[in-house]
Each structure stands twice: as C-alpha cells, then as structure tokens.
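Report on one structure; see the data block that follows.
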Amino acid sequence: MKQSHIEVTERIIEVSRPTRSAYLNRLDDIANRQRGADRLGCANVAHAFAAMPANDKLRVVVEKAPNIGIVTAYNEMLSAHQPYVNYPNVIRDEAHKYGATVQVAGGVPAMCDGITQGEPGMEMSLFSRDVIAMSTAIALSHDVFDAAMLLGVCDKIVPGLLIGALKFGHLPCIFVPAGPMSTGLDNTAKSKVREKYAQGLVGREELLASESAAYHGAGTCTFYGTANSNQMLLEAMGLHVPGAAFIHPADGMREDLTREAVRLVLDMTKPQSFTPIGRLVDEHVIVNAMVALLATGGSTNHLIHWVAVARAAGIIIDWTDFYHLAKTTPLLASVYPNGKADVNQFQEAGGPGFVIRELIEGGYMYPDVFTVTKGGLHDFGKKPTKEDGKLVWKSFPEESGDETIVRTVEHPFSETGGLRLLKGNLGRSVIKISAVPADRHIIEAPAIVFDAQEELLDAFDRGELEKDFIAVVRFQGPKANGMPELHKLTPPLAVLQNKGFMVAIVTDGRMSGASGKIPAAIHLTPEASAGGPLAKVRTGDIIRLNATVGMVNVLVDEDEWAEREVEELSDTKRHSNAHGFGRELFGGMRRNVLSAEEGAVTWL
C-alpha cells in the first residue's frame, strides 16, 4: 500500500477514534439483542406481519427465518428508478428459495437535478439527501428486519440511503443498482446544441429534440456525473454485487445480479459470516471510496456527500484528506465530462472492475476489507458474465479494452487525481480539474459579482460579458438557499470561453461535473451567508484562480480587505429563496446545516 495513502488513513483513524468507538459501541449493543419477532410485544409483531401471507408469517415468526426489509426509491418520474417497479417481486421470489421472507419496508423520495435545474425545486435538492436518510431510518424503524436491501441510484438518493442504513449499522445491507440507459445522442453533440441555444442560434424545438435524443429511456443518464459516480463508489466500497453498476436495465444479467444480491445479503446474516454495514464501512473502506472518486475524475458533489456518509459511521474526513490522496492517486478513466466516452463505453472498456483491479495492484486501495462477498475487494476487480446460465466472475485482461477511456496504473491519463483543493483569502474550495484545458488552469481577471444565477444569465443575454472575467456567484451555499446545482451557467460560460475569453466561476454553490471545461472554484466555504469572505468581493476586484498550485485569492490590499464590510443578501432575495414550492418546509435545515466541507449535514 502506498505510504501516502497509509498516512491519510492513519490520520483519519486517529481523529475519528472517539466518534468511531462510540458508534461501534452503539452498534454492538443493538446487534446483541434478540431478533425483532422474538423481542417485540405480541401486538407489535401482529401489526408488523398482519399483511403477510400465512406461509411467510410462519417462516418469520415460528421458523425464525431471516426477514429482509427493502427500502426503495422507485418512482416513475426518474428514468434511473423506474426499472425498480418489479424488483420487490424478484427479490421476494429469490428469498423464498432460501426460506426467507421479504417486506418492502418503505419508500424514499427521489428527485432529479436534471428536471429541477434552474428552478425553485433545485433549492431542495441537496437537502433531499438528508430527507432520504431520515426516510430510510423511518422505513427501518419498525425494527423487525434481519437485513436490508437498498434500491437507489442517483445523486442524493445513494448517499441518503447509505447514511440512513449506517444509522442501522447492526444490519447487513446491500445496494441493488438498476443500470444506465442505452447510449443516445452523445454528450459532446448535446453540449454543442445547448451552446447554440444560449447564443440564440437554434430554437426550443431543436434543443428539445437534442435533449430527448440524449435522455430517451430507462436507466441513469449516461454521463459520468453524480449518479454514476455513486455506482463507482459503491463498487469500491464492496456494497454491490461485484460488477453490478453499469449493466443495462434490460440486460438479462440484471435480474441474475439482483437475485445474487439476495443470496449475498442472506449469507451476511449467518452467525459465521455476519457482516453488518456499520462494521463493513470502516476507515479503510472510506479511503477506498475516496481513491475511486479521484482515480475516475468523479463528481465533486461527493466531496460533500461522502464526508456526510463517513460522519454517519463515526468517521471524520475533510477536503484535506482528498487533497493528499489526490496528489498520488493516478487518473485512470476518461469519461464525459472528462472525456468523450459515456458510461456504457466505460463499461465496455473495463469499467469499475478494471479500475479497481488496477488500483489494488498499484497499492492505492485496501483489498483486505469487509465487503458483501467473502473475497474482499479483489472480487470487485473482476467482470460478471454468464456461462451455462449461471453467473461467474472472470479476470480482466492485463490491458485496457480502450486506452482512450480506461488505462492501467503504468500509463495513467494523469499522475494525480481529477479533483483539487483550492485555498486562499476567499476560503476553501474545490475544482474538478480533469476536464479543464491546461491553458485554463490559471485565470486572473476582474470579478463580476452576481447574487443569483439568473443575474449572470441576464447579463449574458444583454451582451455584457464579452470580456475576460471571473463570475462570483454567491449566496448559493447551504444556509442561503440549499446550495443548488448551477447547471444553467455552463452553456453561456462555454460560449464565452470558446470565443477566446478567459472566464471562470467562483461560487459557494455546486456545479458537480457540469462545469465541464470551465474553471470552476465551487463549494467555497465559509459561504457568503455565513459571513464568508466571498461576501466582501466587489465587481472589479482582481481574482486569481490557480489550480496548478491550489490557490484562489482576491488581489486586494490586505488592510483594505480586512476593513471591507461583508455584504448581506437583500431581504427581497432572501425572502424569494425561502418561500414557495415547498421551500418553507426546509427553513430549519437552512438554519442548522453545517458547511459544505462538513458534509452540509443537517442532523448533527
């Protein structure tokens, strides 16, 4: 194992010792109780199993068979979650073969940033993660389950399910993915149409046709955004059936993998192989997830989400840990927006399994950790396939299936990971550097300050941004308005960059990988609404964003900067962010939320 990675892990273990020990003590106290059907009062048990078929009641109460609880994000609105409609029946059928029972314990909400981008609903997006975590806890709170199966794929859904499951850390748990949609209009062509629309060169009809050709069926969107990064991280944590992440929903192997998930989670309930999720997700597994994110140039959202996931298991990490890991973790994948390939092409070239195999062999990942299988993380460096009607896992070839998409540790795309930490007198921020051209890694230009993304879009439409500048988009953090994704800013900024202007964005909001080739210092903390220095920036101030050395500074005389007052969001704008479309219900979360670097957690 690389010494740098060992040092980061040891630091995490040391700083987490009090909280992790307390977490594990609580876990053990709960795990040592009698099972639910034997422990609860008779009225409680009767209520819990009232709707079960008689044979299932007999199994779970008299025969003491394992009872699996399903927590599902199924809905018909999200293409990634629509395939889950029949999963409970498949899971129940397979469980019956082993004498076990199944109940859908509950559903969790699942919203899509692609639908809400630029709309008021986006201001509830980040907080939906903690709502999902709480919903998972409510689903499992009936306390009659011996294991849980978690059905979710997309941006906030997986982190929310995982946080909720870790609060029931005494249960063996497994995640069951549904897979990506088939390849449609390629992402590069889609982006070009968006840029043309931003310039008024095409109309809404052509834009809608382009978007509909890209997003056209069941499954996750095919770019390597937060949803598909989720799947990579779950593979790296050993929480899937190995290789399950990117099998198409309609592929016959998808059902086989789901049935295998039932077998694995039941095996984890046996005394000789008991593996509760709270023990499985330890400091080494969290580091494995961080490394997988960095090695694939995954979504910057996970610098927020996985901090929160770790906290749910009593493990304390921050962006400095990502920074130190990134310095020595090679970039092994080039998937849009970091490259031209989509996740289906990534899968065809080797996918998560190839990357994990390479990272293990290169000494960047801990292989001997708990996973849902008995073989540790080595099992996740293999490829599932079918032979004679049965699932088998085979080793990958030594070489990549496509060097333009996936590479070995000996020939990486970069010697360092795709994410960088930025520090300076504006605070701490992160940047997804893997997609940004090398000649844009350093930008120095005057600031133009916007207090809402709509202000930038209006300025673009008026033709006021035809120059070098750094857009400061502030009051977009968790406390201000829930930290929405600022997806809609990418097309106009891309248009300006393509015209030769030096442009960048500095914001306390989120952009995930949506910034693409635009230098974007995001998640700036402390945020403007918490009195952060971003609220002191004025239009015309010179800002230097240097991703090469990891700095973001406003070039203002120190004495002047110290005396400059922090601007506050106007009452009118604050009111507009707090009311309508259900945003009133999230007021308590906005008041209590921790910073982005602390995971934007609302439950501590």
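Here are some notes:
- Residue within region 365-380 that is at pLDDT 95 or above and either farther than 30 Å from residue 25 by Cα or among the basic types (Lys, Arg) (or both) present: no
- The condition (being touching a Ser or Thr at 6+ places or on another chain (Cβ under 9 Å) and either outside the structural domain of residue 318 (by TED's automatic domain parsing) or farther than 24 Å from residue 331 by Cβ (or both)) is satisfied by just one residue among 503, 495, 430: 430.
- Taking the criterion of being in contact with a strand residue (DSSP E or B) (Cβ under 6 Å, 6 or more places away or on another chain), in a loop (DSSP other than H, G, I, E, B), closer than 30 Å to residue 589 by Cα and among the small types (Gly, Ala, Ser), the only residue of region 514-544 that qualifies is 532.
- Candidate set from region 169-195 (those that are over 21 Å from residue 338 (Cα atoms) and of a type outside the set (A, V, I, L, M)); member that is surrounded by the most Cβ atoms within 10 Å (Cβ to Cβ): 177
- Flag: residue 421 matches the condition of being of a type in the set (A, V, I, L, M, F, W, C), under 30 Å from residue 508 (Cα atoms) and in a strand (DSSP E or B).
Residues checked against (1) polar (S, T, N, Q); (2) free of Cβ contacts under 8 Å to residues at least 12 places away in the same chain:
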{"site": "51", "(1), (2)": "no, yes"}
{"site": "54", "(1), (2)": "no, yes"}
{"site": "60", "(1), (2)": "no, no"}
{"site": "63", "(1), (2)": "no, no"}
{"site": "78", "(1), (2)": "no, no"}
{"site": "83", "(1), (2)": "no, no"}
{"site": "89", "(1), (2)": "yes, yes"}
{"site": "96", "(1), (2)": "no, yes"}
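- Positions within region 60-117 being surrounded by fewer than 23 Cβ atoms within 10 Å (Cβ to Cβ) and among the acidic types (Asp, Glu), in sequence order: 63, 76, 93, 94
- Subset of region 212-258 that is in contact with a strand residue (DSSP E or B) (Cβ under 8 Å, 6 or more places away or on another chain) and of a type in the set (Phe, Trp, Tyr) - its residue that is surrounded by the fewest Cβ atoms within 10 Å (Cβ to Cβ): 223
- Residue within region 237-250 that is touching a helix residue (DSSP H, G or I) at 6+ places or on another chain (Cβ under 6 Å) and among the β-branched types (Val, Ile, Thr) present: yes
- Residue among 275, 300 that alone is among the hydroxyl-bearing types (Ser, Thr, Tyr) and modelled with pLDDT of 95 or more: 275
- 3 or more residues farther than 18 Å from residue 199 by Cβ and within 26 Å of the chain's Cα centre (by Cα): qualifying helices (runs of 4 or more DSSP H) within region 429-499: 478-481
- Number of positions in region 302-361 that are part of a loop (DSSP other than H, G, I, E, B) and of a type in the set (S, T, N, Q): 3
- Criterion violated by residue 424 - all others in (1) closer than 28 Å to residue 600 by Cα; (2) surrounded by fewer than 21 Cβ atoms within 10 Å (Cβ to Cβ); (3) without any contact (Cβ under 8 Å) to a residue 40 or more places away in the chain satisfied: (3)
- The requirement of being crowded, with 24+ Cβ neighbours inside 10 Å, touching a strand residue (DSSP E or B) at 6+ places or on another chain (Cβ under 9 Å) and charged (D, E, K, R) is satisfied by residue 155.
- Residue within region 10-22 that is acidic (Asp, Glu), modelled with pLDDT of 95 or more and in the same structural domain as residue 368 (by TED's automatic domain parsing) present: yes
- Some residue of region 131-151 being surrounded by 24 or more Cβ atoms within 10 Å (Cβ to Cβ), over 28 Å from residue 49 (Cβ atoms) and under 20 Å from the mean Cα position of the chain (by Cα): no
- Against the test of being touching a residue at least 40 places away in the same chain (Cβ under 8 Å), closer than 30 Å to residue 416 by Cα, assigned to a helix (DSSP H, G or I) and out of contact with any Lys or Arg (no Cβ under 7 Å at 6 or more places or on another chain), the options 9, 19 yield a single qualifying residue, 9.
- Where helices (runs of 4 or more DSSP H) fall wholly inside region 545-604, the ranges with 2 or more residues that are under 26 Å from residue 455 (Cα atoms) and outside the structural domain of residue 318 (by TED's automatic domain parsing) are 571-578, 587-592.
- Residue check, residue 165 buried (at least 24 other Cβ atoms within 10 Å of the Cβ), modelled with pLDDT of 95 or more and of a type in the set (Gly, Ala, Ser): yes
- Checked across region 255-264, the condition of being under 21 Å from residue 337 (Cα atoms) and modelled with pLDDT of 95 or more holds for no residue.
- Residue 261 meets the stated requirement of being in the same structural domain as residue 361 (by TED's automatic domain parsing) and in contact with a strand residue (DSSP E or B) (Cβ under 7 Å, 6 or more places away or on another chain).
A quick yes/no check of all residues on (1) assigned to a loop (DSSP other than H, G, I, E, B); (2) farther than 27 Å from residue 327 by Cβ; (3) in contact with a Pro (Cβ under 6 Å, 6 or more places away or on another chain); (4) not assigned by TED's automatic domain parsing to the domain that holds residue 10:
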position: 233; (1), (2), (3), (4): no, no, no, no
position: 238; (1), (2), (3), (4): yes, no, no, no
position: 248; (1), (2), (3), (4): yes, yes, no, no
position: 300; (1), (2), (3), (4): yes, no, no, no
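- Region 29-41 - residue that is part of a helix (DSSP H, G or I) and surrounded by 14 or more Cβ atoms within 10 Å (Cβ to Cβ) and, of those, farthest from the chain's Cα centre (by Cα): 37
The values are calculated or read from the model by the stated rules, or taken from the named source; none is laboratory data. As the structure is a prediction and not an experimental result, all values here were calculated from the model. Using ideal geometry, Cβ is built from the backbone for each residue, glycine included, and neighbour counts are taken over all protein chains shown.
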